[in-house]
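*Asks:* Quick one: structure below, then a few questions.
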Amino acid sequence: EIGPKKSIQVCDQLGLSIKVNKLTKYQFDQILKIISQNYLVDSELKRVIKRDIKPLISIGCYRGFRHNAGLPLRDQRTHTNAKTCRKLRYVSIRSS
C-alpha cells in the first residue's frame, strides 16, 4: 500500500509539490510509473502477503493459528474489541 510516507517519497523523487487536482496527465503517468517500478501494489502485494502467512499456518505457530482463526495477532485485547475481525469470518449465506 502507498501511505503518506511513501507518497511523499514519490513526490520528492519527481519534484512535485502540488495538489492532486492540479496534476497534468504527464505527471500522473510519471507517478504511476515510479509506483509500479519501486513498490508492490494490488494483486502482487496480496500474493506476497499470502505467501508469507502460509508457512506460519503450516508449522502451527501462534501467529499462524491466529491468522487461521481470524483473530488479532499482536497481543490486542479480544474481550471487548476486535469484533469486526471476528464478525467477518462467520458470514452466513441464507438460501430461500
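The values are calculated or read from the model by the stated rules, or taken from the named source; none is laboratory data. Just so you know, these numbers come straight off a predicted model, no measurement behind them. Positions of Cβ are generated from backbone atoms using ideal geometry, with glycine treated the same way; all protein chains shown enter the neighbour counts. Side chains are part of the model used for accessible areas, which takes the heavy atoms of the whole protein and leaves out ligands, DNA and RNA. Shrake-Rupley method; radii C 1.70, N 1.55, O 1.52, S 1.80 Å.
*Asks:* At what distance in nm do the modelled label points of I8 and L71 sit from each other, each positioned 7 Å from its Cα along Cα→Cβ?
*Replies:* Distance between the two pseudo-spin positions: 3.7 nm.
*Asks:* Can you work out the FRET efficiency for the pair T78 and I49, with r the C-beta to C-beta distance and R0 = 22 Å, to the nearest 0.05?
*Replies:* Plugging the Cβ-Cβ distance into 1/(1 + (r/R0)^6) gives 0.50.
*Asks:* At a Cα cut-off below 19 Å, give the lysines reachable from K33, other chains included and same-chain residues fewer than 8 away excluded.
*Replies:* Straight-distance partners of K33: K5, K6, K19, K22, K25.
*Asks:* Using a Förster distance of 35 angstrom, determine the FRET efficiency expected from the C-beta separation of I59 and Y39, and round it to 0.05.
*Replies:* The computed FRET efficiency comes out at 0.75.
*Asks:* Right, something else. Can you give me the accessible area per residue for the chain, using a 1.4 Å probe, in Å²?
*Replies:* 90
*Asks:* Right, something else. Tell me, what % of the accessible area of the chain is carbon and sulfur with a 1.4 angstrom probe?
*Replies:* Its accessible area is 55 percent carbon and sulfur atoms.
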